[in-house]
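What follows is one structure encoded as structure tokens, with my remarks underneath.
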Amino acid sequence: MSESKEIQARFELEVYPKRDITLVRGRNARVWDSDGREYIDCAGGHGTISVGYCNEAVTAAVHAQMQTLTGCSGTFYNDRKAELLELLLSIAPANLTRAFLCNSGAESIEAALKFARLTAGKTDFVCAVRGFHGRTFGALSATFEPKYREGLSPLVPGFSHVPFNNAAKLASAITDQTAAVLLEVVQGEGGVNIGSREYFETVSQLCRERGVLLIIDEVQTGFGRTGKMFACEHFGIEPDILCVAKGIAAGLPMGATLCSDKITVAVGKHGSTFGGNPVMCAAAIATIQHLVSHNLALSAREKGAAIVARLRAAELEVVREVRQLGLMIGIELKTKAQPFLIELMSRGILALPAGPNVIRLLPPLTIPDKDLEAAADALVFTLGRPQPQRPSAD
Ligand SMILES: Cc1ncc(COP(=O)(O)O)c(C=O)c1O
């Protein structure tokens, strides 16, 4: 065990399942461990490394801001924050006109839940089976998976879960007390499940007719990941509230809750000391500018299609289905994913699970074609072999 692994294992509260390597360096889609081993990172910091590790433009922007103003609470106006808000809303669905800046996905969801209750004057939320929205109490109450919720009751009251992609079930769960419907466009943690256009059209119409707000969680799907700047655009969804985080600042902690004119919140009802920190704003501005100027949403479409074509052509016996939107890829297996993830890591490829049977790929959108091809070769080779009998460690 390397020294830093020993120290961390001794002092960190063990909330994360661990892989047995210590990452020390990264550049674009590659990372290196403390023994100097190189990996192609298709886990991408759980989808946060949108424009690659140590992207030069982001690094320069952060460096410059670090020498200018390192903090500024929400009580004061700030030039970087203004610049980011204008840029963020210029790329968001057109009906979204204001934003609250925070530090993570769960925080963006917490804000959305509070804004919805305050605006609607109602208490309840309808969410989806297999939906994942984060680990804080509000976000966890919206999250379906029982293993994340067990032992933590009482959660926030007023949340119900209906099957995803089933508009009739969703309609029957809406009551007079429903403030909002909260959905992902593509369920990430839940297995890379893609909602249909018909589903989102019916849900949007339902929300309008029943006077219910529509909150869309694009924490994982935002910023080009699915081949459009926001996954909403694939299906013409106009959310009342849009939650974003992960890819917004190339791995640095930032989130945002974007709102339409319908949303009203009185001064003092919400806030975050670090939210909209100028250094994070500078990182987000540089990230978004890089995404736009390099048309990385288009790259995500092309690269995602290429890797999926390769996987499908291999006709792998162990694969039940490949689901993909841009560079958000779920390979559902007929068996457990974990041993394959360990095997892939030993071949220099990092990938993620999404539930017990799905291998999930969320590489940086800047991943070079040769890295993607190498990852596809390793996947085809590993999935084509008899199931590895290694212990699981994720
Ligand atoms: C769709 C979705 N919403 C919310 C979250 C929570 O984000 P965070 O871990 O930044 O709190 C995640 C994290 O994986 C997510 O995928």
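The values are calculated or read from the model by the stated rules, or taken from the named source; none is laboratory data. Every value quoted in this text rests on a predicted model; they were computed, and no experiment measured them. So basically every Cβ, Gly included, is an ideal-geometry build from the backbone, and we count neighbours across all protein chains shown.
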Check: Just checking, which of A245, A250, A256 is farther than 19 Å from A139 by Cα and modelled with pLDDT of 95 or more?
Finding: A250
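Taking the conditions exactly as written (surrounded by fewer than 24 Cβ atoms within 10 Å (Cβ to Cβ) and away from the ligand (no atom under 11 Å from the Cβ)), does I241 satisfy them or not?
Answer is no for this residue.
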Checklist line | Options T143, T123: the member that is near the ligand (Cβ under 10 Å from one of its atoms), hydroxyl-bearing (S, T, Y) and either farther than 22 Å from G222 by Cβ or in contact with a helix residue (DSSP H, G or I) (Cβ under 8 Å, 6 or more places away or on another chain) (or both) | finding: T143
Check: Looking at the range 169-211, which of its residues are in contact with an Asp or Glu (Cβ under 9 Å, 6 or more places away or on another chain) and either hydroxyl-bearing (S, T, Y) or not assigned by TED's automatic domain parsing to the domain that holds S108 (or both)?
Finding: T175, T178, S204
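Anything in the range 344-384 that is outside any helix (DSSP H, G or I) and small (G, A, S)? List them, or say none.
G348, A351, A354, G355
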Next item on the list: Might you check whether a residue that is away from the ligand (no atom under 12 Å from the Cβ), over 27 Å from A43 (Cβ atoms) and acidic (D, E) occurs anywhere in the range 210-233?
Entry: no
Next item on the list: Would you mention how many residues in the range 248-259 are touching a Ser or Thr at 6+ places or on another chain (Cβ under 7 Å) and within 11 Å of the ligand (Cβ to nearest atom)?
Entry: 3
Checklist line | Every residue from the range 139-198 that is aliphatic (A, V, I, L, M) and either at pLDDT below 95 or assigned to a loop (DSSP other than H, G, I, E, B) (or both) | finding: L152, L155, V156, I174, V185, V192
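With the range 1-113 as the region, which helices (runs of 4 or more DSSP H) entirely inside it contain at least 3 residues that are aliphatic (A, V, I, L, M) and more than 16 Å from the ligand (Cβ to nearest atom)?
Hits in the range 1-113: 56-66, 79-91.
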